[in-house]
Amino acid sequence: NKDTIGINPEGDGNKTLLRGLPKAGQLILLSARNNYNIVCVATEFKNDTFFIAFDEPLDNQLIRDAAKGSTDNKNLLWQTISDYTMAIIAKHLPEQRRGYYRNY
């Protein structure tokens, strides 16, 4: 029904970003192939205030194109998609919270 689905690509609620999981990239690719709007959201709680940042929807065509002809190593493809998504999330966080994606 194209309902909203929330995923945490790193699989953890850590205070700094861990590396995204390949399985998250697989789910993102499946969503892109089915034309779901995929929106990255970054959150932070600081000084008793909750901050939330929404990015533009991901470019589903870009994700689908990246997957074309990439049958050799699906795990690497999924990891790349997961990293792409996490890097977008990271840009909305303070540098000290970006963790693995600090220099992406």
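Answer yes or no as to whether GLY11 is at positive phi and under 13 Å from the mean Cα position of the chain (by Cα).
When the stated conditions are applied, GLY11 passes them.
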Out of (1) open to solvent by 80 Å² or more (accessible area, probe 1.4 Å); (2) under 14 Å from the mean Cα position of the chain (by Cα), the one ALA53 does not meet is (1)
Checked PHE50, PHE54, PHE45 against criteria (in contact with a Phe, Trp or Tyr (Cβ under 8 Å, 6 or more places away or on another chain) and farther than 13 Å from PRO9 by Cα); the one match is PHE45
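Each row is one residue, and each column tells you yes or no for (1) among the hydroxyl-bearing types (Ser, Thr, Tyr); (2) at pLDDT 95 or above; (3) closer than 13 Å to GLN26 by Cβ.
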| site | (1), (2), (3) |
| --- | --- |
| ALA67 | no, no, yes |
| ASP72 | no, no, no |
| ASN75 | no, no, yes |
| THR80 | yes, no, yes |
| GLN96 | no, no, no |
| GLY99 | no, no, no |
Kindly establish whether LYS46 is of a type in the set (Lys, Arg) and either open to solvent by less than 80 Å² (accessible area, probe 1.4 Å) or within 22 Å of TYR104 (Cα to Cα) (or both).
no
| query | Is it the case that segment 76-91 has a residue that's open to solvent by 80 Å² or more (accessible area, probe 1.4 Å) and either over 12 Å from the mean Cα position of the chain (by Cα) or touching a residue at least 60 places away in the same chain (Cβ under 8 Å) (or both)? | reply | yes
- Message: One residue is enough: does segment 17-25 have a residue meeting the conditions open to solvent by 30 Å² or more (accessible area, probe 1.4 Å), in a strand (DSSP E or B), among the aliphatic types (A, V, I, L, M) and modelled with pLDDT of 90 or more?
- Response: no
Filtering segment 49-104 down to residues that are more than 20 Å from LEU18 (Cβ to Cβ), charged (D, E, K, R) and out of contact with any helix residue (DSSP H, G or I) (no Cβ under 7 Å at 6 or more places or on another chain) yields GLU56, ASP59, ASP65, LYS68, ASP72, LYS74
Of those in segment 62-75 that are without any contact (Cβ under 8 Å) to a residue 12 or more places away in the chain and not in a loop (DSSP other than H, G, I, E, B), the residue most open to solvent (accessible area, probe 1.4 Å) is LEU62
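The values are calculated or read from the model by the stated rules, or taken from the named source; none is laboratory data. Treat the numbers as computed from the prediction; the structure is a model and nothing was measured. Reconstructed Cβ throughout: ideal geometry from the backbone, glycine too, with neighbour counts over all protein chains shown. Surface areas here come from the heavy atoms of the whole protein model, side chains and all, with no ligands, DNA or RNA. Shrake-Rupley method; radii C 1.70, N 1.55, O 1.52, S 1.80 Å.
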